[in-house]
């Protein structure tokens, strides 16, 4: 990938925010972006989908208050389409992707640009830190932080800095993003992983900086969590079918668990005691991990809920991977194909 050097001065940044049914979180998200400790110019483009709440009104209100905010329509409501529409609406040499449910720390953009300049990477991202209110959302946040719950992906844990396969969110060099065609609009989920795969195959480097810790508001009910992880699994299978070499051993664990549980259920229906082995081993492992989270969840009932959160995440992801049916993807007509004229 033959790209121009990133300017050593503070380059302008376009922050792209896809928003759908995000009226309750968008204000906090935009506050954190607009209050960044960064000396360069920051523009925010919010791509709003046709949702069921007042997201459009909230976004338009913020645009009226602050000229740095622009609102564009995302007629499909699909995340990758919104990201591409928002990217095309800007011209800055740096593009930062931010979710409407996330809250950036004050020095996030300053640190990310410095890391881009220091490493020569084409995308820099950091750590996802799920944070929930009291109740089930807080338990789900603990489950998502646990390697047992969400797996050993590097963007979910501290300590490692360096090249990686994918990161949470991402701060991109626009020329690199344009060179690979932007976000794939046929993917409802896993579009970040797939984009980072194309960036790496084109010779770019994706860099994890653990100092970039971003707060994320997770789902608040079991049904929402199950739906989210079922979709993750189904779309992961689709991405792996297209890119078999991207398979990681960790991605086989949940599908194998579901297969094992089905076999166990058949054994139990046939009166075979061995059918209890896998469910008992899984429940015992989940219980041990839940006990280790006593400092975060001092109430015993919350630790039992954590075990249920683990099971929901694993079974939903594995079932989605094995049995999930995907809706037909939209044609990739909205991908970024050229750098806008007059790029800063």
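The values are calculated or read from the model by the stated rules, or taken from the named source; none is laboratory data. Here the structure is a predicted model, which is why all the values come from computation and not from measurement. Glycine gets a Cβ as well: all are built from the backbone with ideal geometry, and neighbour counts include every protein chain shown.
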Qualifying residue in region 197-216 (condition: assigned to a helix (DSSP H, G or I) and within 16 Å of the chain's Cα centre (by Cα)): yes
Residues that are touching a strand residue (DSSP E or B) at 6+ places or on another chain (Cβ under 7 Å) and at pLDDT 95 or above, drawn from region 70-87: 70, 71, 72, 73, 74, 82, 83, 85, 86, 87
Residue among 126, 90 that alone is closer than 16 Å to residue 17 by Cβ, touching a strand residue (DSSP E or B) at 6+ places or on another chain (Cβ under 6 Å) and touching a residue at least 24 places away in the same chain (Cβ under 8 Å): 90
Qualifying positions in region 276-300 - within 29 Å of the chain's Cα centre (by Cα) and within 16 Å of residue 138 (Cβ to Cβ): 290, 293, 294, 295, 296, 297, 298
Residue within region 104-119 that is within 22 Å of residue 185 (Cα to Cα) and in contact with a strand residue (DSSP E or B) (Cβ under 9 Å, 6 or more places away or on another chain) present: no
When residues of region 37-54 are limited to those that are in contact with a strand residue (DSSP E or B) (Cβ under 9 Å, 6 or more places away or on another chain) and within 14 Å of residue 11 (Cα to Cα), the one surrounded by the fewest Cβ atoms within 10 Å (Cβ to Cβ): 41
Qualifying residue in region 57-69 (condition: in a loop (DSSP other than H, G, I, E, B), surrounded by 17 or more Cβ atoms within 10 Å (Cβ to Cβ) and touching a strand residue (DSSP E or B) at 6+ places or on another chain (Cβ under 6 Å)): no
Selection within region 7-30 - surrounded by fewer than 20 Cβ atoms within 10 Å (Cβ to Cβ), outside any loop (DSSP other than H, G, I, E, B) and touching a helix residue (DSSP H, G or I) at 6+ places or on another chain (Cβ under 9 Å): 27
Scope region 185-196; condition more than 23 Å from residue 29 (Cα to Cα) and surrounded by 21 or more Cβ atoms within 10 Å (Cβ to Cβ); matching residues: 185, 187, 194, 195, 196
